[in-house]
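Worksheet for the structure shown next.
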Amino acid sequence: MTDGPLSLPARLCLLAWDSALPPATDAGHLAGLVRAGALTELAQRGLLTDEDGIATPVDLDARAGDAVLDGLLELVHESCPHSWRTWVTLRARVTLDAVREQLVAGGYLRAEKKRVLGVFPSVEYALERAAAADALREETLQLLQGPPLVAELSERDAALLALAVAADLLPEKDVRANERRVEELTERAGATAPGLRKIVREVRTAVAATLTASALP
């Protein structure tokens, strides 16, 4: 896919942008989505595993070689044990901020410093590389609609699609027309190792829950 070197959480963050609009989700939901992507990639890489429902580092000295993923790995290591669903939202803004900084450094976003009420410093982010975001969205839709066959896709691309659907980032009509493929891709996202399918479904359910919560008055 386009921008393959980008991590799964970075691609999910970029996917949430429309070339002409701000992110398609509010900050809280976007943070949960990005955190879910980071948890999933760490699990797919074998750096986090499931122990009785708890997200657990496999090797305390292992690193992913990505600042965002390594930051989350360190946070999980230094914190009290928590379930996967808890980690989707717990201090998720830390991961979102790290991903945004990474996308700014890569030229995908630009940071605009502002002051709230003319006093408090704040940073807003805007899409800089609209073509990259558009290409990612188009390729994600192609993943949804097929071909290629689900078995031919990487686990990371399958996870991108599964989490994007859970976050309601893709057109509803396309999702409904390909519901079976979405389920197959969700299974594919967890095909690498025993227990991974459970992890993917846990974080995907948590992302959908944050979407519901963000819609409440």
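In this structure, the amide hydrogen of D18, modeled 1.01 Å from its nitrogen in the peptide plane, lies closer than 5 angstrom to those of A24, counting only residues at least 5 positions away or on a different chain. Note on Q142 and A27: the extension gain reaches 38.7 nm, defined as 0.36 nm multiplied by sequence separation minus the Cα-Cα distance. Across the stretch 171-178, computed HN-Hα scalar couplings (Karplus, 6.51 cos²θ - 1.76 cosθ + 1.60, θ = phi - 60°) run x, 4, 5, 6, 5, 5, 6, 10 Hz from first to last residue, x flagging Gly and Pro. When each full DSSP H helix of the chain is screened for a Cα extent of at least 27 Å along its own axis and an average Kyte-Doolittle hydropathy of at least -1.0, the helices passing are 196-215. Within the same chain, aspartates and glutamates fewer than 8 places from K113 are excluded, and of the rest, those with a Cα less than 12 Å from its Cα are E124. Computed over the chain with a Gaussian network model linking Cα atoms closer than 10 Å, the most mobile of V123, V88, V150 is V123. Contact order, relative form, for the stretch 29-72: 30 percent (alpha carbon pairs under 8 Å, 6 or more residues apart, mean separation divided by residue count). Charge tally around L48: other residues with Cβ under 13 Å, Lys/Arg +1 each, Asp/Glu -1 each, net -3. Between D70 and A213, full extension at 0.36 nm per residue minus the direct alpha carbon distance yields a gain of 48.6 nm.
Taken together, the values in this text are just the output of simple stated rules run on the coordinates, not laboratory data. Quick caveat, the model's predicted, so the values are computed rather than measured. Positions of Cβ are generated from backbone atoms using ideal geometry, with glycine treated the same way; all protein chains shown enter the neighbour counts.
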